[in-house]
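Here is the structure we will look at, set down as structure tokens.
The values are calculated or read from the model by the stated rules, or taken from the named source; none is laboratory data. Owing to the predicted nature of the structure, the values given are computational and were not obtained by experimental measurement. So basically every Cβ, Gly included, is an ideal-geometry build from the backbone, and we count neighbours across all protein chains shown.
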Amino acid sequence: MRIRTARPDDAPAVVALRALVHPYLVRGVESTRQMIAQPSPDEQWTAYVVEVDDTVVGWVSAYRNAQTSEPDVGEVSTLHVHPEHRGRGVGTALLTAALGHLRGIGARRVRTWALPESLPFARRHGFTPSRELRYSALDLRPAPPMPEPPPDVRLLPLTDLDPRRVHLAEVAAAADEPEDVPADSISYENWYSEVWDNPGLDRAASTVAEAGGEIVSFSLVKRDGDRMWSDYTGTLPAHRGRGLARLVKTAALHRAAAGGVRVAYTSNDEANAPMLAVNVGLGYRPVGSSWSCLRELT
């Protein structure tokens, strides 16, 4: 077993491992390669892989959460180990390296996500489970029926939109998103790097609702081949209760299906009842879950 810092040319192996362990997560080779090669300077991001006989059998990333006003929050993201190599110290080696990186950049509180079967591992390493996240899938053959937009609403793809307008809409919608660490400090530079400049962002399928010249709701799509991930669907607080989230998400699903996407995946905090209701109404079915887990870092 050998642990080392991830390299851009690890991207195909990392994507293959992720597809095995987390088949409902969608991040393609090119977006993974870019994530490794061009990490956000605000996040001080890094990643590690474990190799056995020159084969990648484990992965983890660690970074400062740059989207919250809470100080010194670190993230240990998507730690996963090939099923045939579990119980041999691979996960512990990856977590130790990730926590070491976070200590080095001054993190004092850490969040990670654990599959239900991995909660004993998380607890042994000082993490306390907090919130459950539901993963859901939807077959787009066919896409769900398209509702009629209100007369004052225009549906537009991201194509040719000013990214600053989309960023402002996401900042407004995300401020009260239910989660352990509030996303209340999303800088334009960090958002542009992670969202707008992501090779997986499907701007033709991603859809906004515009009313009175303002973006009032949106649904962002990231794609890898015939699979897509609903990266974020949100509505500005003043415009909620009008069915706009369902409208833009359905429009995005239709556009993605027309472009060759066959299955859509998404995730929701179990406390986010309005968005869960939207997804259930669209026909999404649960395919997995994970738990947000927290610990202090000393």
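Observations on the model:
- With respect to (1) in contact with a Leu (Cβ under 9 Å, 6 or more places away or on another chain); (2) of a type outside the set (S, T, N, Q); (3) in contact (Cβ under 8 Å) with a residue 40 or more places away in the chain; (4) closer than 21 Å to Gly288 by Cβ, the lone exception for Ala107 is condition (4).
- For the stretch 64-96, the set of residues classified as among the polar types (S, T, N, Q) and free of Cβ contacts under 8 Å to residues at least 60 places away in the same chain consists of Ser77, Thr92, Thr96, listed by residue number.
- Single residue of the stretch 197-251 satisfying the filter (at positive phi and out of contact with any Gly (no Cβ under 9 Å at 6 or more places or on another chain)) that is surrounded by the most Cβ atoms within 10 Å (Cβ to Cβ): Gly243
- Screening the candidates Leu155, Leu161 for the property of being at pLDDT 95 or above and either at positive phi or touching a helix residue (DSSP H, G or I) at 6+ places or on another chain (Cβ under 9 Å) (or both) yields one hit, Leu155.
So that you can scan it fast, the table gives a plain yes or no per residue for (1) assigned to a helix (DSSP H, G or I); (2) touching a strand residue (DSSP E or B) at 6+ places or on another chain (Cβ under 6 Å):
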site: Ala251; (1), (2): yes, yes
site: His254; (1), (2): yes, no
site: Tyr265; (1), (2): no, yes
site: Pro274; (1), (2): yes, no
site: Trp291; (1), (2): no, yes
site: Leu294; (1), (2): no, yes
site: Thr298; (1), (2): no, no
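Yes/no per residue for (1) buried (at least 18 other Cβ atoms within 10 Å of the Cβ); (2) polar (S, T, N, Q); (3) under 19 Å from the mean Cα position of the chain (by Cα):
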{"position": "Pro116", "(1), (2), (3)": "no, no, yes"}
{"position": "Ala122", "(1), (2), (3)": "yes, no, no"}
{"position": "Ser130", "(1), (2), (3)": "no, yes, yes"}
{"position": "Ser136", "(1), (2), (3)": "yes, yes, yes"}
{"position": "Asp139", "(1), (2), (3)": "no, no, no"}
{"position": "Pro142", "(1), (2), (3)": "no, no, no"}
{"position": "Pro145", "(1), (2), (3)": "no, no, no"}
{"position": "Pro149", "(1), (2), (3)": "no, no, no"}
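- Pairs meeting the criteria (first residue in the stretch 29-53 and within 22 Å of His85 (Cβ to Cβ) and not assigned by TED's automatic domain parsing to the domain that holds Ala11, second residue among the aromatic types (Phe, Trp, Tyr) and at pLDDT 95 or above, beta carbons under 6 Å, at least 6 apart or on different chains) are lacking.
- Among the residues of the stretch 216-239, those that are acidic (Asp, Glu) and in a strand (DSSP E or B) comprise Asp224, Asp231.
- Within the stretch 119-215, helices (runs of 4 or more DSSP H) holding 1 or more residues that are in contact with a Ser or Thr (Cβ under 7 Å, 6 or more places away or on another chain), not small (Gly, Ala, Ser) and not assigned by TED's automatic domain parsing to the domain that holds Leu25: 188-191
- Residue match in the stretch 22-41 (condition: surrounded by fewer than 19 Cβ atoms within 10 Å (Cβ to Cβ), part of a strand (DSSP E or B) and of a type in the set (S, T, N, Q)): no
- Screening Arg242 on (1) closer than 20 Å to Ala209 by Cα; (2) touching a Lys or Arg at 6+ places or on another chain (Cβ under 7 Å); (3) in a loop (DSSP other than H, G, I, E, B) shows it passes everything except condition (2).
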